[in-house]
Amino acid sequence: MALAKRFHEARRIVVLAADLAAQLAGYLEYQISLLGLPIFAATSAGRMLHLVRSVNKQDLVIAISFRRGLRQTVEAAEQAHANGAYCVGIADTYLSPLARECNEIFIASVETTSFGASYVAPVSLLNSLLAAVGQYHHAQTLAIVKEIAEEQRKGFRWYNP
């Protein structure tokens with residue numbers, strides 16, 4: 001809940017992730033934006049550089065990288081931390097360089113028996129975080145959810161034969 005509070009109090013929320021983890025950044029950005037919070041996903045080296053250049057102690061930075069840690073994500077987290085932003089890492093091991101650069105770290109395994117990575121655990125972690133952020137201002141979230149539900153039923157985006 002302390003992290004959920006930071007989401008709501010942050011001047012800006014910046015999510016740093018690249019390669020396959022960029023999908024996680026997009027998912028988190030989309031879901032948090034439904035609540036009207038100021039969130040920005042950076043999934044390329046240039047965007048990360050430009051966004052973290054101006055973060056400060058009023059900002060929350062979420063850095064997502066697995067295994068050895070992608071250079072652009074880790075270096076952007078380093079810069080954000082040096083600028084005073086509160087940094088949260090999501091990795092698959094405490095040995096991740098994000099564990100050294102972030103104020104707190106969440107661990108979610110990406111191990112799988114196939115050749116790639118499984119993002120089941122990271123998505124579950126993000127869903128838990130989303131639930132906490134949504135519950136922090138429960139009444140406000142319910143009002144937004146009611147509006148979203150109405151749009152789901154009658155909105156112009158949906159096919160209507």
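Readers should treat all values here as calculations from the given coordinates under stated rules, not as data from a laboratory. In this text the structure is predicted, and so the values were computed from the model without any measurement. As a convention, Cβ positions derive from the backbone with ideal geometry for all residues, glycine included, and neighbour counts pool all protein chains shown.
Descriptive notes on the structure:
- Highest-fluctuation residue, Val133, Val52, Val120 considered, GNM on the chain with Cα pairs under 10 Å: Val120
- Projecting the Cα atoms of His50, Leu98, Ser124 onto the dipole axis of the chain, where Lys and Arg carry +1 and Asp and Glu carry -1 at the beta carbon, places His50 farthest toward the positive end.
- Gaussian network model of the chain, Cα within-10 Å springs - most flexible of Asp19, Asp59, Asp92: Asp19
- Charged-residue dipole, Cβ positions (Lys, Arg, Asp, Glu), the chain about Cα centre, Debye nearest 20: 260
- Mean Kyte hydropathy of -1.0 or more with a Cα span along the axis of at least 20 Å, helices from DSSP in the chain: 120-136, 138-154
- Rounded, prolate or oblate (a/c below 1.5 giving rounded, otherwise prolate when a/b exceeds b/c) for segment 2-136 by Cα gyration tensor: oblate
- A Förster radius of 41 Å combined with the Cβ-Cβ distance from Glu150 to Thr112 puts the calculated FRET efficiency at roughly 0.55.
- Taking other C-beta atoms within 10 Å as the exposure proxy, Ile13, Ile144, Ile64, Ile39 rank Ile144, Ile39, Ile13, Ile64 from fewest upward.
- Each Cα pair under 8 Å and six or more residues apart adds its sequence gap; the mean of these over the residue count of the chain is a relative contact order of 20 percent.
- Prolate/oblate/rounded label for segment 17-86 (Cα gyration tensor, a/c 1.5): oblate
- Taking a straight Cα-Cα cut-off under 20 Å and skipping sequence neighbours fewer than 8 places away in the same chain, the lysines within cross-link reach of Lys5 are Lys57.
- The residue list Ile64, Leu3, Ser33 was ranked by how far each Cα lies along the charge dipole of the chain toward its positive end, using unit charges on Cβ atoms, and Ser33 comes out on top.
- For Val74, Val145, Val61, Val55, order by how many other beta-carbon atoms lie within 10 Å, fewest first: Val145, Val74, Val55, Val61
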